[in-house]
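K.L.:
Supplied in structure tokens, the structure appears directly below.
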Amino acid sequence: MIPPYGPVKVQRCNHPLLRERKITLFVQREDLVHPYLSGNKWRKLKYNLEDFKLSGATVMLTFGGAYSNHLVATAAASYLSGIPLIVVIRGEPHPENPYQEFIRSCGTKMIFISRTLYREKGDPDFIRTLLENQRIHPDACYVIPEGGANDAGTKGCEEICNDVPDESGWIACACGTGTTAAGIARAMKDHQKFLGFAVLNAGNYIRETMIKSGADEGRFHINEDYVFGRYAKVTHLLKNFIKNFHVQTGILTEPVYTGKMFLGLLDLIEQRYFREGSVITAIHTGGVLDFSIPLKW
Ligand SMILES: *Cc1c(COP(=O)(O)O)cnc(C)c1O
């Protein structure tokens, strides 16, 4: 139903600071897997789509904000695999928003709800009422939580580790819900440690999610020093970093997730957080979207 992409390309990052500090940095290009089923969202959808098939449901339902990579990926998967999809979007419709334009073009039904109501998205009663209003029987609907943050999502993210070079002592990744982090930390090799960069002030939530999913507390750390205020806030420093990083390495990042991670990672390398000779693999989880690319497998 969803192609078994991979192995995912891993490249060595050539940044002048890495030579200076004698650090090897690999970048695992999950972002190049597909223009819309981007990065970790593809990983999280893989087993959700399998579970959908097993469930006997006929429609999928999921949730997200106005600029959600998860909604874009799920809408693309729905279009490509022919599974009807309803998405619940936080806030008002914005016809000019390219994310919403794309989602609509996939044939996805969009329901907009207030920020207050959106907080109920995890409540079974709320979901039941929502489905009743759409005249959908609960058994006919497979629900994927916001961000693809469920067990099937975590299981898919474990497979990120299959492509990480063995010599890596560290695996780094940007963290929103912590689902991707949980999958990686649970499946990484015994000699590896995980370093997550929180993109919102939710370090404790991320840590709890990881521990609940079975990650070993002693082998991961969630850094909260590079949030830059709040989720999706774009500072000048971050914008400049993204521009320079692209010029220096040829790797495109964006300000919500991967820009914060690479900025944090290079800053820690500069501060000698990692021992000389360390090998780090940074997971590029995607998020750089170009809506002019046609949607196909
Ligand atoms: C969603 C997303 C993340 C965060 O993943 P979580 O599993 O929610 O922590 C990281 N990077 C990108 C590009 C994303 O779209």
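The values are calculated or read from the model by the stated rules, or taken from the named source; none is laboratory data. All values reported here derive from a predicted model rather than from experimental measurement. Cβ: placed from backbone, ideal geometry, glycine included. Neighbour counts: every protein chain shown. We work out accessible area using only protein heavy atoms, side chains counted, and drop any ligands, DNA or RNA first. Shrake-Rupley method; radii C 1.70, N 1.55, O 1.52, S 1.80 Å.
K.L.:
Given (1) within 13 Å of the ligand (Cβ to nearest atom); (2) open to solvent by 10 Å² or more (accessible area, probe 1.4 Å); (3) more than 28 Å from E132 (Cα to Cα); (4) not charged (D, E, K, R), where does F26 come up short, assuming only one miss?
P.N.:
Failing condition for F26: (1).
K.L.:
From the list F274, F262, F245, F220, pick out the single residue that is of a type outside the set (G, A, S), away from the ligand (no atom under 16 Å from the Cβ) and open to solvent by less than 30 Å² (accessible area, probe 1.4 Å).
P.N.:
F274
K.L.:
Another question, if that's okay. Can you tell me which residue within segment 133-166, out of those that are within 12 Å of the ligand (Cβ to nearest atom) and crowded, with 23+ Cβ neighbours inside 10 Å, is nearest to S213 (Cα to Cα)?
P.N.:
Filtering segment 133-166 for residues that are within 12 Å of the ligand (Cβ to nearest atom) and crowded, with 23+ Cβ neighbours inside 10 Å, the one nearest to S213 (Cα to Cα) comes out as T154.
K.L.:
Which pairs turn up if I take residues in segment 253-278 that are over 16 Å from L195 (Cα atoms) and look for partners that are within 16 Å of the ligand (Cβ to nearest atom) and not in a loop (DSSP other than H, G, I, E, B) with beta carbon separation below 7 Å, at least 6 apart in sequence or on another chain?
P.N.:
T253/I242; T253/F245; T253/G259; T253/F262; P255/L238; P255/I242
K.L.:
Related question: Given the options D166, D123, name the one that is free of Cβ contacts under 8 Å to residues at least 60 places away in the same chain and either under 17 Å from F26 (Cα atoms) or assigned by TED's automatic domain parsing to the domain that holds R219 (or both).
P.N.:
D166
For every residue, the table says whether it meets (1) touching an Asp or Glu at 6+ places or on another chain (Cβ under 6 Å); (2) of a type in the set (S, T, Y); (3) more than 16 Å from C157 (Cβ to Cβ); (4) not assigned by TED's automatic domain parsing to the domain that holds F262.
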{"site": "T177", "(1), (2), (3), (4)": "no, yes, no, no"}
{"site": "A182", "(1), (2), (3), (4)": "no, no, no, no"}
{"site": "A185", "(1), (2), (3), (4)": "no, no, no, no"}
{"site": "A198", "(1), (2), (3), (4)": "yes, no, yes, no"}
{"site": "D225", "(1), (2), (3), (4)": "no, no, yes, no"}
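K.L.:
Here's a follow-up. Is it the case that segment 103-119 has a residue that's away from the ligand (no atom under 16 Å from the Cβ), under 26 Å from T180 (Cα atoms), assigned to a loop (DSSP other than H, G, I, E, B) and open to solvent by 20 Å² or more (accessible area, probe 1.4 Å)?
P.N.:
Yes - at least one qualifying residue is present in segment 103-119.
K.L.:
Considering only segment 167-186, how many residues are away from the ligand (no atom under 15 Å from the Cβ) and open to solvent by less than 30 Å² (accessible area, probe 1.4 Å)? Write out each step before concluding.
P.N.:
Here is the first cut: in segment 167-186, the ones away from the ligand (no atom under 15 Å from the Cβ) are 167-170.
Pick out the ones that are also open to solvent by less than 30 Å² (accessible area, probe 1.4 Å) and you get 168-169.
Number satisfying all stated conditions: 2.
K.L.:
Only one of (1) in a helix (DSSP H, G or I); (2) touching a residue at least 40 places away in the same chain (Cβ under 8 Å); (3) crowded, with 22+ Cβ neighbours inside 10 Å fails for S78. Which number is that?
P.N.:
Single failed check for S78: (2).
K.L.:
Give the number of residues within segment 187-204 that are more than 27 Å from E167 (Cβ to Cβ), touching a strand residue (DSSP E or B) at 6+ places or on another chain (Cβ under 9 Å) and surrounded by fewer than 19 Cβ atoms within 10 Å (Cβ to Cβ).
P.N.:
Total satisfying the criteria: 2.
K.L.:
Considering only segment 266-297, how many residues are closer than 30 Å to C106 by Cβ, assigned to a loop (DSSP other than H, G, I, E, B) and not aromatic (F, W, Y)?
P.N.:
Result for segment 266-297: 11.
K.L.:
Right, here's the next one. So E50 ticks every box in (1) without any contact (Cβ under 8 Å) to a residue 40 or more places away in the chain; (2) more than 16 Å from the ligand (Cβ to nearest atom); (3) open to solvent by 10 Å² or more (accessible area, probe 1.4 Å) but one. Which box is left unticked?
P.N.:
Result: E50 passes all but (1).
K.L.:
Against the conditions (1) under 21 Å from S105 (Cβ atoms); (2) away from the ligand (no atom under 12 Å from the Cβ); (3) open to solvent by less than 30 Å² (accessible area, probe 1.4 Å), where does A57 fall short? Just the number, please.
P.N.:
(1)
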